[in-house]
Amino acid sequence: MTNSCGIRGRFRVLCGLVLAGTLILGGCSERNIVENYEEQQTTVTTLTFFGNKYEPENVVVIESIISEFMDENPDIRVSYESLKGSAYYDALEKRMEAGKGDDVFMVNHDILLELEEKNQVADLSGLASIPEYTDLMLSQMAEGEHIHWVPTVVTAFGLYCNLDLLKEYKQEIPENLEEWKKTCSVFKERGITPVIANNDISLKTLAIGQGFYSVYQDDRQSEVFGNLNSGTEELSQYLTSGFSIAEEFIQKGFIDAEKALDTKKTEDDLTEFAKGESPFMLTGAWAAGRVEGMDPGFEFAIAPLPILDDGNMLVINPDVRLSINAQSENMDAAVKFVEFFTKEENIRKFADQQSSFSPLKGGSPSTVKAIQPLISCYEENRTVIGTDGQLNLPIWNLTADVSKQLLAGEALENAMEWMDREAAAERGKL
């Protein structure tokens, strides 16, 4: 799927001209560029910015930040291009391999491991905004004495709850695993599939959260992730318990496995939830605004994941991570842009639109009503980081594949054995 500005989802931000809703600032393609001839005598640096934020509501915020940056820096133009999903990371990898990488780009945990290994990302430890990040974020960003990425938001994964449907069936938002199972049983007995899941983030975040929760509560991340990196311990030792919950939900029909296998994250699942026929959905809280925009006709809230025997918790991620190409010919301009993007006022603007939390000290969470139930859980540190920077394994991709295997009917034991083999192969590359 591409955005409305071109086949490859290209957005251009040039010359400070803003056309609402399309992010065409100075032209939508290379053959339609608006030039300001009064500025031709000024040397202008053009930065290319590549990202996977393509949704119109996300692009509007990026457009605003870029426009303000260019107003303050008339000698720098920024061209933003976006692609969706896995196509983005495929394109990013190919561009970097060909030596045609963009100046600034978005990364995730798994792709960053590859880029760091090839020395393709610049050190950002000197950014003016670095001291403003929380200690938790700094612990994720630091790679020895270097920092190769900066987050703009902290996203959360929760349980979307159709409050009207719960009330109709005299049920409450579940606050622990036993309550969640009982509530799901009530709906299943009435012919209603309780939980809408997608084929990517729904089950893996459940497994990661449940599996590593005690590790975080005991502050043992360095020890455990060090063991996992070296192979002293296996991922299955921690994730089998969480994935067993996923398997149970599939086997009991709480999740329609066949449908979930073809359900795209924060797209098909949102459409299904908006129909109002299921009480729960497992996906990212950042999609709250999109669900609201669908005018679902019922009230909903996003609750922490009720996957513990004695309570609930949150899976979070430092997200919309920005890196700079180590081979950029416009390094000074790129640093200036990333510093501007990560200023407190821009972080606040972006986090609010993303229904997320700020990664900065004293930063405020989003004001979106639906995510308010998540705030206390976040502030009380009942959290697990889905892609912890101390783990040198591509856990995001590995657990997504395990989720698909379970949805396709693979036995849990076989899926865990496969995951451990893949993790061993990844260690061999390090």
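The values are calculated or read from the model by the stated rules, or taken from the named source; none is laboratory data. The structure displayed is predicted, hence computed values, not measured ones. Neighbour counts are summed over all protein chains in view; Cβ atoms, including those assigned to glycine, are modelled from backbone coordinates with ideal geometry. Areas reflect the complete protein model, heavy atoms only, side chains present, ligands, DNA and RNA absent. Shrake-Rupley method; radii C 1.70, N 1.55, O 1.52, S 1.80 Å.
Shown is the FRET efficiency for LYS182 and GLU57, computed with R0 = 51 Å from the Cβ-Cβ distance and rounded to the nearest 0.05: 0.90. Ignoring ligands, DNA and RNA, what percent of the 1.4 Å accessible area of the chain is carbon and sulfur? Carbon and sulfur atoms account for 46 percent of the accessible area of the chain.
For the stretch 149-206, the list of GluC sites (Glu not before Pro) that fall in a loop by DSSP and count at most 12 other C-beta atoms within 10 angstrom reads GLU172, GLU189.
The DSSP beta bridges internal to the chain are antiparallel in roughly 60% of cases. Positive end of the dipole of the chain (Cβ unit charges, origin at the Cα centre): among SER366, LEU239, CYS161, the Cα lying farthest that way belongs to CYS161.
When you filter the GluC sites (Glu not before Pro) in the stretch 282-332 for DSSP loop state and at most 16 other Cβ atoms inside 10 Å of their Cβ, you are left with GLU299, GLU329.
Using equal-weight Cα scatterers in the Debye expression, the normalised intensity of the stretch 53-156 in log10 at q = 0.11, 0.13, 0.19 Å⁻¹ is -0.41, -0.58, -1.27.
Placing pseudo-labels 7 Å out from each Cα toward the beta carbon at ALA411 and THR42 gives an inter-label distance of 6.9 nm. Here the stretch 391-413 is scanned for amide nitrogen atoms under 16 Å from the site 7 Å beyond the Cα of GLU258 along Cα-to-Cβ, giving 407-410. The accessible-area ordering, largest first, of the residues ARG421, ARG382, ARG348, ARG427 stands as ARG421, ARG348, ARG382, ARG427, per a 1.4 angstrom probe. Between the stretch 210-265 and the stretch 268-305, the alpha-carbon centres lie 24 Å apart. For the pair ILE192 and LYS100 in one chain, pulling the backbone fully straight at 0.36 nm per residue adds 28.1 nm over the alpha carbon distance. Each 10 Å bin from zero holds the following percent of Cα-Cα pairs in the chain: 4, 21, 31, 26, 13, 4, 1, 0. Give me the dipole magnitude in Debye, nearest 20, for the chain about the Cα centre, with unit charges on the beta carbon: positive for Lys and Arg, negative for Asp and Glu. The dipole magnitude comes to about 780 debye.
If a spin label sat at a point 7 angstrom from the Cα of LYS118 along the line to its beta carbon, the backbone N atoms of the stretch 83-99 nearer than 12 Å would be those of 90-99. Can you work out the FRET efficiency for the pair LYS84 and SER64, with r the C-beta to C-beta distance and R0 = 25 Å, to the nearest 0.05? With R0 = 25 Å, the Cβ-Cβ based efficiency is 0.75. Note: relative contact order over the chain, using C-alpha pairs below 8 Å and six or more positions apart, is 23 percent. Extension gain for the segment SER139 to SER241, taken as residue separation times 0.36 nm less the Cα-Cα distance, is 34.0 nm to one decimal.
Taking every protein chain into account, the accessible area of the stretch 74-157 amounts to 39 square angstrom per residue (probe 1.4 Å).
Taking all Cα pairs closer than 8 Å and separated by 6 or more residues, the relative contact order of the stretch 144-235 comes to 11 percent. Solvent-accessible surface of the stretch 334-381, taken per residue with a 1.4 Å probe and all protein chains present: 42 Å². Extension gain, ASP75-GLU344: 0.36 nm per intervening residue step, less the Cα-Cα distance, totals 94.5 nm. Per-residue ellipticity at 222 nm, computed for the chain from helices alone with -39500 (n - 2.57) per DSSP H run of at least four residues, works out to -13000 deg cm²/dmol.
Taking one quarter of the surface of the convex hull spanned by the alpha-carbon atoms of the stretch 181-312 gives a direction-averaged projected area of 9.0 nm².
For the chain, set up a GNM with springs between Cα atoms under 10 Å and report which of ALA285, ALA156, ALA142 has the largest fluctuation. Among ALA285, ALA156, ALA142, the largest mean-square fluctuation in the Gaussian network model of the chain belongs to ALA142.
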